Amino acid sequence: MSVRIGVEEEFHVVEVETGLLVPRAGSLLERLPKRTFTAELKQSVVETNSAVHASLDDLHADLTGSRRQLDTAATAQGLAVVAAGTVPLVRRASAVPATPGMRYRHMVDEYRAVADEQLICGAQVHVDVPDRDTAVQVMCEISPWLPPLLALSASSPFWQGADTGYASWRTMLWQRWPTAGPVGCFGNAAEYDAAVRELIDTGVISDAGMIYYDVRPSAHQRTLELRVCDSCPRAETVVLVAGLFRALVMGAQERLAARGAASCRGRHEWLRAATWRAARSGLEDGLIDPETRREAPASQVVRGLLAHVRPQLEANGDLATVETLTEEALAEGSAAHRMRRVADREDLLACVDLAIAETRGDRRGPEAAERNHLTPSAPLDTEGPFGPDAAGIAGA
């Protein structure tokens, strides 16, 4: 039986006519079921929570279904949602208020500009683990392979109307939080929990929910949670990352079981540099190869990841789907690359239109419609690995 997975996605709310980020998440949430859709720190963000799934096909159907619901609610109000690390057009970061509530108020008061500029969205993947000890030990095993997952998801080249030069500027904003970034290695859950308590005792963070490591054991579920990725315009990219992350977790558990104890190669100080490189490059330049700890072409590193987890992908029946999605990602480039290409050819508003179209599931992009007049609830593309033209590929 396949290990189960679930996904949380965050979406920016934008005004269709201007492409500007707007603090209108509350008006969307009034039209949506509370069990699936929730608020976040900023009033410009809506979060969705998938159900738990064993197959990538079912996860894809769940994610695209939630996106359709969001799009319907937004379209009725002249709005749209964008799944991306950042959106290009913002009037002023500090002008987007925080969602009401004591926790969010404390975060705004304590962290000031870091919280004010939290106009970012990520995608988190949860994978079932048998217990917290396993979750903590697996973190060390898989951490070297997380930067390539970030590169696959990179979708935030623009910040407040300017090209940052990064594929994932969200990563650079996110890492300003005191507990964000690569995680250390711990022998068991007791060691990890003691470290978290020490951090809380410093007063720098208020609770375990503010542990923002790139990967962490869930505080409320028996899962390991991936947190390094940008939100992805294409749901297929989220599915690709989820399939790879699940395989990484499974492979690490198998190695732990074979050894009978946790093991660490040490010298993890290079992980932050590897994460920076992935944020800077996306899929368009070199990444740090986890095997050699040297720079190598992104295609080589990503295919190396695929080879690393091939046995687990085969065991899950995911290999054909993940191979197809991987080669498509390498051929077409990151979302950041696609957004830049449109912005260079037209402007930032066209770039927003592209992100809206891809979030809806229209793989043709905004060229298929007049700019600023995208049709609501555009049909999902049926040519990819989850459509009828690829019957027998997904989950094969």
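Going by what's in this entry, would Ala257 be described as out of contact with any helix residue (DSSP H, G or I) (no Cβ under 9 Å at 6 or more places or on another chain), open to solvent by 30 Å² or more (accessible area, probe 1.4 Å), on the phi < 0 side of the Ramachandran plot and at pLDDT 95 or above? Explain how you work it out, then say what you get.
Values: out of contact with any helix residue (DSSP H, G or I) (no Cβ under 9 Å at 6 or more places or on another chain): yes; open to solvent by 30 Å² or more (accessible area, probe 1.4 Å): yes; on the phi < 0 side of the Ramachandran plot: yes; at pLDDT 95 or above: no.
Spelling it out, it is not the case that Ala257 is out of contact with any helix residue (DSSP H, G or I) (no Cβ under 9 Å at 6 or more places or on another chain), open to solvent by 30 Å² or more (accessible area, probe 1.4 Å), on the phi < 0 side of the Ramachandran plot and at pLDDT 95 or above.
Does any residue of region 76-87 turn out to be closer than 25 Å to Arg222 by Cα, surrounded by fewer than 17 Cβ atoms within 10 Å (Cβ to Cβ) and hydrophobic (A, V, I, L, M, F, W, C)? Talk me through it step by step, then tell me what you get.
So the first thing to find is which residues in region 76-87 are closer than 25 Å to Arg222 by Cα, and the list is none.
No, that holds for no residue.
Any idea which of (1) open to solvent by less than 10 Å² (accessible area, probe 1.4 Å); (2) within 22 Å of Ile142 (Cα to Cα); (3) touching a residue at least 40 places away in the same chain (Cβ under 8 Å) is the one Arg272 doesn't satisfy?
(1)
Tell me which of these Thr38 doesn't satisfy, since it passes every other one: (1) assigned to a loop (DSSP other than H, G, I, E, B); (2) under 19 Å from the mean Cα position of the chain (by Cα); (3) among the polar types (S, T, N, Q).
(1)
Consider region 143-183. How many of its residues are part of a loop (DSSP other than H, G, I, E, B) and under 29 Å from Val322 (Cβ atoms)? First the steps, then the outcome.
In the first step, residues of region 143-183 are kept if they are part of a loop (DSSP other than H, G, I, E, B); the result is 154-155, 157, 160-161, 164-167, 175-180, 182-183.
Those left that are additionally under 29 Å from Val322 (Cβ atoms): 154-155, 157, 166-167, 175, 180, 182-183.
So the answer is 9.
Has region 36-50 got at least one residue that is touching a residue at least 12 places away in the same chain (Cβ under 8 Å), out of contact with any Asp or Glu (no Cβ under 7 Å at 6 or more places or on another chain) and surrounded by fewer than 16 Cβ atoms within 10 Å (Cβ to Cβ)?
no
Within region 63-75, which residues are without any contact (Cβ under 8 Å) to a residue 40 or more places away in the chain and crowded, with 17+ Cβ neighbours inside 10 Å? Steps first, answer last, please.
If we filter region 63-75 for residues that are without any contact (Cβ under 8 Å) to a residue 40 or more places away in the chain, which is where we start, we get 65, 69.
The one that is without any contact (Cβ under 8 Å) to a residue 40 or more places away in the chain and crowded, with 17+ Cβ neighbours inside 10 Å: Gln69.
Of the residues Glu10, Glu30, which is modelled with pLDDT of 95 or more, open to solvent by 10 Å² or more (accessible area, probe 1.4 Å) and closer than 22 Å to Val352 by Cα? So that I can check it myself, show each step before the final result.
Details: Glu30 fails: closer than 22 Å to Val352 by Cα.
None of the other options fit; the residue is Glu10.
Give the number of residues within region 96-107 that are surrounded by 12 or more Cβ atoms within 10 Å (Cβ to Cβ) and either aliphatic (A, V, I, L, M) or touching a strand residue (DSSP E or B) at 6+ places or on another chain (Cβ under 9 Å) (or both). First the steps, then the outcome.
From region 96-107, those surrounded by 12 or more Cβ atoms within 10 Å (Cβ to Cβ) are 96-99, 103-107; that's our starting set.
Now narrow it down to the ones that are either aliphatic (A, V, I, L, M) or touching a strand residue (DSSP E or B) at 6+ places or on another chain (Cβ under 9 Å) (or both): 96-99, 104-105, 107.
Number satisfying all stated conditions: 7.
Working only within region 13-25, note down all residues that are open to solvent by 20 Å² or more (accessible area, probe 1.4 Å) and touching a strand residue (DSSP E or B) at 6+ places or on another chain (Cβ under 7 Å). First the steps, then the outcome.
First, pick out the residues of region 13-25 that are open to solvent by 20 Å² or more (accessible area, probe 1.4 Å): 15-18, 20, 23-24.
Answer for region 13-25, where residues must be open to solvent by 20 Å² or more (accessible area, probe 1.4 Å) and touching a strand residue (DSSP E or B) at 6+ places or on another chain (Cβ under 7 Å): Glu15, Val16, Leu20, Arg24.
Which count do you get for residues in region 108-138 that are open to solvent by 10 Å² or more (accessible area, probe 1.4 Å), assigned to a helix (DSSP H, G or I) and within 25 Å of Tyr192 (Cβ to Cβ)?
Matching residues across region 108-138 total 7.
A quick yes/no check of all residues on (1) among the charged types (D, E, K, R); (2) open to solvent by 50 Å² or more (accessible area, probe 1.4 Å):
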| residue | (1), (2) |
| --- | --- |
| Glu191 | yes, yes |
| Ala194 | no, no |
| Ile200 | no, yes |
| Gly209 | no, no |
| Tyr213 | no, no |
| Leu224 | no, no |
| Val228 | no, no |
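The values are calculated or read from the model by the stated rules, or taken from the named source; none is laboratory data. Every value quoted in this text rests on a predicted model; they were computed, and no experiment measured them. Cβ sites come from the backbone with ideal geometry, for glycine too, and all protein chains shown count toward neighbours. We work out accessible area using only protein heavy atoms, side chains counted, and drop any ligands, DNA or RNA first. Shrake-Rupley method; radii C 1.70, N 1.55, O 1.52, S 1.80 Å.
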